[in-house]
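J.: One structure, pasted below without further comment.
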Amino acid sequence: MKFTWIIILVVLVLAGLGSVFTVRQDQDAILLQFGRIVRSNYQPGLHFKIPFVQQDMTFDKRIHTLDASPERYFTSEKKIVNVDFYVKWRISNPVLYYQSSGGSALQVEARLSPIVKDALRFEFSARPLEELIAGGRRDITSNVMKQTNQATSKTLGIQIVDVRIKRLDLPDTVSESVFKRMRAERMNLANALRSTGEEEAAKIRSNANRERQVLVAQARQKGAVTRGQGDAQAAEIYAVAAKKNPRFFDFYRSLESYRRSFSDGRSVLIMKASSPYLRYLQHGDGLLK
């Protein structure tokens, strides 16, 4: 009898434990009865169920990441590109999510991957390689999100939060040809710029030389005019001085001649002692005559 009560007590405890379940803030839950969904949309907290008859299932409603393997696509020019991408998704309809995958995230991602790849294939085939390199990937991911959301929300019960292209590579052979073409284009551009620069430099040098010649000619002309005016003014001053005191003017001119003749300190002047040129060097007698 005592053993029977123990069994009954154990059964009651198990029934009590099996009649409650909790739902966390980051979870969605559904209630099954013999494999059939009888309730969903549970709020976070403690909930009750019929033990041994009903079964609760909880799903993580946080964002999941599908990191797919790189895929090869063709552009509109039939060029091959290797695309590495990932997808962010979360559960939007727990009932449909369970019905489509049995609550398995791996099964959902197995079905999601070809949907995203088909959408990417369509977008890449509609664009040239130049547009993809220049920044058309943002439009691609936006269009892929719209297309996949339309499909997955009705079939898998999930919402696509984001689609990102991590890397976009060209095959080695294509990359080499593209790099060679880009290098040739840059070399042609550099040569064109260099030729234009040399032409402009030649024009600048030519203009500068012409301006220099003009400035030098103008300066020489102005200098000649100034020297002529100075010589004329000096001649006039000498003439006035000569008129006032001819003997002193003659003496001054002779001293100037001596200074210029012996200014270097090495000149030798060979003349007769009786030469008139030396009269002012002979004890100054020339001043008295």
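Coordinate-derived values only; no laboratory data. Please read these numbers as outputs of a predicted model, since none were measured by experiment. Note that each Cβ is placed from the backbone with ideal geometry, even for glycine, and that neighbours are counted across all protein chains shown.
J.: What's the FRET efficiency of Q55 with E185 using the Cβ-Cβ distance as r and R₀ = 51 Å, to the nearest 0.05?
T.: Efficiency for this residue pair is about 0.15.
J.: Next up: Let me see the pair-distance distribution of segment 35-106: every alpha carbon pair, 10 Å bin width, integer percents in order.
T.: 14, 33, 23, 15, 9, 5, 1
J.: Label-point separation (nm) for R259 and D139, each offset 7 Å from Cα along Cα-to-Cβ?
T.: Once both label points are built, they end up 9.0 nm from each other.
J.: With unit charges on the beta carbon (Lys/Arg positive, Asp/Glu negative), name the residue among V87, I37, H64 whose Cα is farthest towards the positive pole of the charge dipole of segment 37-123.
T.: Farthest towards the positive end: I37.
J.: Another question, then. Given R₀ = 41 Å, what would the calculated FRET efficiency be for V240 paired with L215, taking r from the Cβ atoms and rounding to 0.05? Let's see the in-between values first.
T.: Details: r = 37 Å, r/R0 = 0.90.
The formula returns an efficiency of 0.65 here.
J.: Of K146/K166; K61/K154; K222/K243, which ones are farther than 23 Å apart at the Cα?
T.: The answer is K222/K243.
J.: Tell me, K146, K61 in order of fewest to most beta-carbon neighbours within 10 Å?
T.: So the ranking, lowest neighbour count to highest, is K146, K61.
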